[in-house]
Amino acid sequence: MRILAFDTATRATTVALSGTAQGVLESRDDPAPGERPRHVARLLPLIVEVLDRAQLGFADLDRIAVGVGPGTFTGLRIGIATARALASAAARPLVGVSTLRSLALAAADSPEAAGADAVAAILDARRREVFAAVWRLDGIEAVAPQAVGPQELAGSLRETRLRLLAVGDGAVEFRGVLERSGALIPPDESALHRVTAAAHLRLAEQLSPAGPDQIQPQYLRLPDVREPSFHPPVGRP
């Protein structure tokens, strides 16, 4: 199956394509520390790059997959809006993939997961919070996706009584707190901490396509800035 998958839920922009003569192709953009995400500038060029490398067009795809988070509000809006537009224009089926589930799936197949019972996928949600969820290696969800503080998450991880491999930029950011829960966290530079659209491809094969408008972001919490509510002056219509 030829699937184009991409994710903009984190600071990185990652794109992958399956079903090519070269196998799975991936391109990504990882801003340096302190740099702003470049989703708007890099997403479409990366998509074009992987399609050109495979000598394929949108009409050759069986479906398109997009990461639906949780993640940054701006990043999710960019990725999902792009996926909806491409799916509609090319008349291709569209699926939404959990960014946390994809991160956990990639780690579950790694040598680092040997001896673990489950993988905790943890993304930095800012404001001293993380987006996190836990899946057993057999794919069963052990802790549902949530936005939570690192101390509270550490307590939840201890309560699972599972041998855990914890991955993601949130696991790196709050390593000291989470390691005290007993979780094993790979070195900061490990690729397991990066969301990869290549893992989205495997999940996308198993999901049922939906209409573009049915693909919705999984925010898990309210935005940092909200539009003020409008209250008409008293005594006026």
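Here are some notes:
- For the chain, the calculated P(r), taken from all Cα-Cα distances in 5 Å bins from zero up to the bin holding the longest distance, is 1, 7, 14, 18, 18, 15, 11, 7, 4, 2, 1, 1, 0, 0, 0 percent.
- Rounded, prolate or oblate (a/c below 1.5 giving rounded, otherwise prolate when a/b exceeds b/c) for segment 70-159 by Cα gyration tensor: oblate
- Of the residues G182, G69, G57, the one that moves most in a GNM of the chain with alpha-carbon contacts below 10 Å is G57.
- Euclidean distance of C-alpha centroids, segment 86-121 and segment 159-228, integer Å: 9
- Close amide-amide hydrogen proximity is noted between A142 and V134, W135, R136, each under 5 Å apart and 5 or more residues distant or on a separate chain (H modeled in the peptide plane; Pro and chain starts excluded).
- A Gaussian network model of the chain, with springs between Cα atoms under 10 Å, assigns the largest mean-square fluctuation among S27, S18, S110 to S110.
- Among the trypsin sites (Lys or Arg not before Pro) found in segment 95-161, those both in a DSSP coil and sparsely packed, with 13 or fewer other Cβ atoms within 10 Å of their Cβ, are R127, R128, R161.
- Top of E112, E173, E35 by mean-square fluctuation, Gaussian network on the chain, Cα under 10 Å: E35
- Taking 0.36 nm per residue of separation and subtracting the Cα-Cα distance, full extension of the segment from E159 to S110 would add 15.2 nm.
Where a number appears in this text, it was derived from the coordinates with a stated rule and is not lab data. No experiment lies behind these values; they were computed from the predicted model shown. FYI the Cβ positions are ideal-geometry reconstructions off the backbone, even for glycines, and counts take in every protein chain you see.
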